[in-house]
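Here is the structure we will look at.
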Amino acid sequence: MKFFIDTANLEEINKARLLGILDGVTTNPSLIARESIFNQKEIDNHYISICNLLKNEEDVSAEVISNNYTEMIREGEKLSLLHPKIVVKIPMTENGIKAIKYFYKKKIKTNCTLVFTPGQAILAAKVGAYYVSPFIGRIDDISYNGLNIIKEIKNIYDNYHFKTKILAASIRNPLHIIECSKIGIFAITSPINVIKTLLYHPLTNIGLDKFIKDYNKKF
Ligand code: E4P
C-alpha cells in the first residue's frame, strides 16, 4: 500500500521522507492556506519546492480553486506545467467531472477529491480520474461508516476493472490505515502524526527495556 502525506508543509514532508515511508503528497486549499505564503507566485513556487523535495516518490496533488469549467481548465493546465510530478486535484462537481474528462484526453493526471459516495466514485472512474479520494474521516464525522464506503468503491472498481486508483483520504487514526490495507486500497493519504501512531505498542517499549537491562546486568 502506498503512503501519501496530506500536508503542504515542507518540514513535515521531509520528516516523512526521512522515515523512509513516503510515496507521494496531497495538498488542498486549506493546507496551502496554513503555510507562510501570501500570493499566487509564492503558491506556485511552494508547489515546485514540494515537488523538488521528492526523489523517487511519485506525485503531488495540487488543487484548483475555481468551480467554473473554463477556470478549472486554465488553473489545472497551469498547475500541470509547474512540475512533472503535479497531479491536478479537481472537486467532484458537474464541472469537475467535465474537467477530469478534458484532462484525461490531454493525458494530464487528475485526483478527483471530495468524494463521499460510491456513485461519485463511479463517475470519477468513468471520466478517467487517475486517483479518486474518498474522505473516510469526514464520513465518520457525520455518523456514517467511511470504511464501508471505501469497501463498496473497491468492490465496484474491481467489478468493472476501472483503472482509477483509490487514494483513501481524511485519515484520522491508525485503524483507518490498517483497515484500508485489508481491503486492498491502493494508497492512503494521512497526516504524519497518524502514520507515526502505527509505530507504537507498549509491549515493544517494555520488551526493549528488558532486553537492554538484561544485557547490561551481565556485561
Ligand atoms: C484529501 O486529499 C484531503 O486533503 C484530506 O485528506 C482531508 O482530510 P481532513 O478531512 O482531515 O481535512
Notebook entry, point to check: Any idea what the relative contact order of the stretch 120-179 is, in percent, if you count C-alpha pairs under 8 Å spaced at least 6 apart?
Noted result: 45 percent
Note to self: Tell me the mean residue ellipticity at 222 nm calculated for the chain from its helices only (DSSP H runs of n ≥ 4, each -39500 (n - 2.57), averaged over every residue, nearest 500).
What the structure shows: -16000 deg cm²/dmol
Margin query: Below 8 Å, C-alpha to C-alpha, sequence gap of six or more: please give me the relative contact order for the chain in percent.
Written below: 17 percent
Item checked: Charge-dipole axis of the chain as Lys and Arg at +1 and Asp and Glu at -1 on Cβ define it, positive-most pick from Ile90, Asn173, Asn159 -> Asn159
Checklist line | Estimated FRET transfer efficiency (Glu42, Lys15; beta-carbon r; R0 25 Å; 0.05) | finding: 0.65
Next item on the list: Name the residues whose placed amide hydrogens come within less than 5 Å of the amide hydrogen of Ile90, ignoring near sequence neighbours (fewer than 5 apart) on the same chain.
Entry: Asn111, Cys112, Thr113
Item checked: Label-to-label distance, nm, for residues given as Arg138 and Asp209 (7 Å Cα→Cβ offset) -> 4.2 nm
Notebook entry, point to check: Label points 7 Å out from Cα along the Cβ direction at Glu152 and Thr93: separation in nm?
Noted result: 2.4 nm
Margin query: Could you tell me how far the Cα centroid of the stretch 81-146 sits from the Cα centroid of the stretch 7-25, in Å?
Written below: 22 Å
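Taken together, the values in this text are just the output of simple stated rules run on the coordinates, not laboratory data. Being a predicted model, the structure only gives us computed values, none of them experimental. As a convention, Cβ positions derive from the backbone with ideal geometry for all residues, glycine included, and neighbour counts pool all protein chains shown.
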